Structure formats: C-alpha cells, structure tokens
1. If I model a spin label at Arg109 and Arg94 as a point 7 Å from the Cα along the Cα→Cβ vector, what separation in nanometres do I get?
2. Give the peptides 363-373, 46-56, 309-319 in descending order of average Cβ contacts within 10 Å, highest first.
3. If one takes the longest principal axis of the Cα atoms in the chain, at what angle in degrees, from 0 to 90 and to the nearest 10, does the Cα axis of helix 338-352 lie?
4. To test your reading of the geometry: what angle, between 0 and 90 degrees and rounded to tens, separates the Cα axis of helix 409-423 from the longest principal axis of the chain?
5. State whether region 317-438 is rounded, prolate or oblate according to the following rule on the C-alpha gyration tensor (a ≥ b ≥ c being the square roots of its eigenvalues): a/c under 1.5 gives rounded; otherwise a/b larger than b/c gives prolate, and the remaining case gives oblate.
6. From the phi of every residue in region 313-328, what ³J(HN,Hα) in whole Hz does the Karplus formula 6.51 cos²θ - 1.76 cosθ + 1.60 yield, where θ is phi - 60° and glycine or proline is x?
7. Calculate how many DSSP beta bridges within region 358-436 are antiparallel, expressed in % of all such bridges and rounded to the nearest 5.
8. For the pair Val270 and Ala422, what calculated FRET efficiency results from E = 1/(1 + (r/R0)^6), where r is the Cβ-Cβ distance and R0 = 51 Å, to the nearest 0.05?
Amino acid sequence: MSKPIVAIVGRPNVGKSTLFNALAGEMISIVKDTPGVTRDRIYADVNWLNMQFTLIDTGGIEPESKDVILSQMREQAEIAIETADVIVFLTDVRQGLIDSDAKVADMLRRSNKPVVLVVNKVDSFEKLMPDVYEFYNLGIGEPVPISAASRLGIGDMLDEITKHFKPEQLQEEEDDRPRIAIVGKPNVGKSSIVNKLLGENRVIVSDIAGTTRDAVDTEVKYHGREYIFIDTAGLRRKSKIKEELERYSIIRTVSAVERADVVVIVIDAVEGITEQDAKIAGIAHERGKGIVIAVNKWDAIEKNDKTIYQFTNKVREVLAYMPYAEIIFVSALTGQRLNKLYEVIDVVIENRSMRIATGVLNEILTEAVALQQPPSDKGKRLKLYYMTQVSVKPPTFVIFVNDKELMHFSYTRYIENKIREAFGFRGTSLKFITRERK
Ligand code: GDP
Ligand code: GDP
C-alpha cells in the first residue's frame, strides 16, 4: 500500500510552516524513532480518521527579493505537481489576493491535479468570511477557510483533502509487480545505474494506470520477471541554492520511497557514507520498505582484501538502525555486479512476502523464552503466550503477552533476532505488535 502524498504550496508568510506544524505536531504518527536521523520538517505522516497520508512542505528558504517570489512559487508548484496526489494551495486572507496567486493558480489548474484552495489566517470566521469569497476568483474551486495558528477549520480542510484520495490508494495495490526506487544524493550515480539496469531490458516506458503523478515509471523484464522502476525518467531539477536542492531531493525521495516495495539506496564509494545518506536511508527504514544499499563507483577506489569488510563495517555503523539491509558493491561504469543487484532485489522481495507458520514461530518463541528470561518489573514477570504472523510487506507479527508494559524494546529486539537467526528475512524490516491477553 502506498500512502497518498499531499503537498502545500503558497507564498512566503501565508502560514505554510504553521499549518504543517499544526498537522504534524498533533496528528503525526511516529512509528519508530530512527536514531541518528534528524527529522527535517519537510515531510510528516498525518493520520486523519484512519486515513493516512504524507504531508510535504514544498516551501523552502525565504526569497530575498520580491521578484524571485513568483519564480520560486512556480518551482514549488512544479515540484508539487510532480510528486503529490493532492495539492493544498495556501493563501492569506489578510494579504488578500495577489497577482502571483492567480499565476500559480493557473499553473495548478492546468496540471489537472486535485487542488484544495485553503485561505489561512481567518481567525474569526464571522468577521472575515466576506473576504474569503474573493478567492473564488482564482477559479480553482471553493476556498476553505482556516486559521492555522488557532487551529480553526482544520477538520473540514482535512475532509476536503482526503476526499480526493483514490480508492486504490487506500487499499493494497492489485498490481503485484515489484516496484523499485533508486534513491540517493545527487551525483552518486543513480541515473547511471538505472540506465545500465534498464539497458536492453527496458520494455515499455509508460504512465501506469492508477498513478496520478506525472512521473513516468518504467517496466523492465529481466530473466522472465517483471519489475517497475519508479520515476526514473526526467525530474532532474537544477537549482542554484544548495538548501533548495537538498529539500527537493528529500521531497523526491519521500515520494519515490512511498510507492516502492524495494528501495535501492546508492552510496558513493569515493565519498564514503555521509550524514545525508543516513537521512535518505532513514526515510526508507521508517516506511518499512525493503532495503538494498548499493555502494557505487567501486571501480574508482583503491582496494585490498580488507576494503569490502571495512566499508561494510562503516556502513553498518552509520546505519545501525537497519542491520537487516543488504549491501552490494557495484560499478555503473564497468557494470560490475549490476546483474547481481537484480538477484539481491529478488531475495528482498521474497523475504518481504515470506510467511512463517504459527507452529514454527511458537517453537522459536518457546526456545527463546527458555534461553533468556523475560524482563520483570515490581515483582511481575512478562509472560509471552503466543505469536502469529498477521501480514507481509513488511512481515508483521503479533505477540500476545500478559502485560504490554513489561514488553521492553530490548526483549522485542531479542525475539526479532531469534526470528532472523531462523529465517533470515534479509533486506526487510520486521514489525512487531504486542497485544495483551488476559
Ligand atoms: P510560511 O512562510 O508560509 O511558512 O509562513 P509561517 O508559517 O512562517 O507564518 C508566517 C506568519 O503568519 C507567522 O508570523 C505566523 O505566526 C503567522 N500566522 C500563521 N498562521 C496564522 C493564522 O492562522 N492567523 C494569524 N493571525 N497569523 C498566522
Ligand atoms: P546521479 O545524480 O545520482 O543520477 O548520478 P549520475 O548517474 O549522473 O552520475 C554522477 C557522476 O558519477 C557522473 O559523472 C558519472 O559518470 C559518474 N559515475 C556514475 N557511476 C559511476 C561508477 O560506477 N564509477 C565511476 N567511476 N563513476 C561513476
């Protein structure tokens, strides 16, 4: 299942950050904190009436002069059109309608994307509603009044947004061909890898039905199996400002990762693993995707018999939160091990769909409990009754216990390790849910 993406577009100072924080702050569902990964306020997971979506703030740094505002807004709108399923166009009732609003509205209208026109800073609906009607003139539908600062109208706005979600986005995709996203910092060699991987294997370049994004996915057939590579065409944005470029790269990563089954994180062997690589890897980890780390440009460094071992250790150290990730050393230039990459992807796909019979799981549970006594607190000891796998992609297990409070993170981790010792599950995260049974 891929979550819909909602992007906020709007002039500086209309209240984008305030709205973003209001939504992310209260309704954010932090699945798991990823140590070592600082969370930028660029994207957030929002949960509204059991509907989940990823919210993106396309607004970057403040432009220095008035005349760059419009060009920057155009750029924001383009990013939103490329990556989002629904666009929130945020305006400001206090500033009223401004020429650049109309220009951006035109752009959004032509994109045929669902747009929700939101008018912010309506701190008093009674007094300010007449001013809100002016925004009808933008020709992109009915304006939704809110006050981000005092959290008025947020529920109605979310209703308007979620109304546009496609039914297929809210359930499992029917298309069971694996979707692969190749992500990484600029210049690590993503395009080179994709071009090599696609090579003669490319079958069709098409918009695949069901996606509302402009991105072009590519179908590939390799050794009789079909794969879909996510928006590998185009989308190479140039920006003079480093922060903007990084922001765009993160937005693009979130959008690609959201739709992928397996994420290939490309790292530059010459540069070594960096903070930004960890940030990108964190996005895939938090979303429970299959993960392959491809260390590229392996041709370009000097090696001896310890290099792979040392490099692996370094990657494992920086990405300590995802010890399950597969690592492969490749070169897009020479083609070294690129065919192996398909094999690794296949293994990860299989592991993400693997189901373990309940009987076998409980044998492992019994043995694990016997080997290491469960924790206790204030004289009460944790009892683990039973475990069963409830779903796949990622494999998800429910453990029934006497008292949830007693189930420490470290004991869950211990059970996870036992399961991995038995079945591997390389390349995929595992999810554990603890339930009480009285
Ligand atoms: P951004 O540049 O679009 O991200 O805008 P910000 O979120 O930084 O907000 C710009 C200014 O508008 C800040 O001073 C906010 O406190 C203020 N602001 C945001 N939302 C509201 C609102 O609902 N009512 C009022 N009166 N001010 C708001
Ligand atoms: P992207 O921005 O991540 O898509 O990176 P590109 O595919 O555009 O590659 C960036 C630069 O790295 C280009 O100059 C490539 O020729 C070079 N490059 C890519 N892969 C390799 C590789 O495996 N070995 C070497 N030596 N250079 C590479």
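FYI, it's all coordinate maths here, none of it is from the lab. Note that the structure is predicted; figures quoted are calculated from it, not measured. Note: ideal-geometry Cβ built from the backbone for every residue, glycine included; neighbour counts use all protein chains shown.
1. Between Arg109 and Arg94, the simple spin-label model gives 2.8 nm.
2. Values: 363-373: 13.3, 46-56: 18.2, 309-319: 15.1.
Going by the mean number of other Cβ atoms within 10 Å, highest first, we get 46-56, 309-319, 363-373.
3. Value to nearest ten degrees: 90.
4. With both axes taken from Cα atoms, the answer is about 60 degrees.
5. Values: a/c = 3.08, a/b = 2.22, b/c = 1.39.
Judged from the Cα gyration tensor, region 317-438 comes out prolate (a/c at least 1.5, a/b above b/c).
6. Calculated HN-Hα couplings, in order: 4, 4, 4, 4, 5, 5, 9, 4, 6, 10, x, 7, 4, 7, 10, 9 Hz.
7. Working: 8 of 14 bridges.
Roughly 55 percent of the beta bridges in region 358-436 run antiparallel, per DSSP.
8. Numbers: r = 38 Å, r/R0 = 0.75.
The value I calculate is 0.85.
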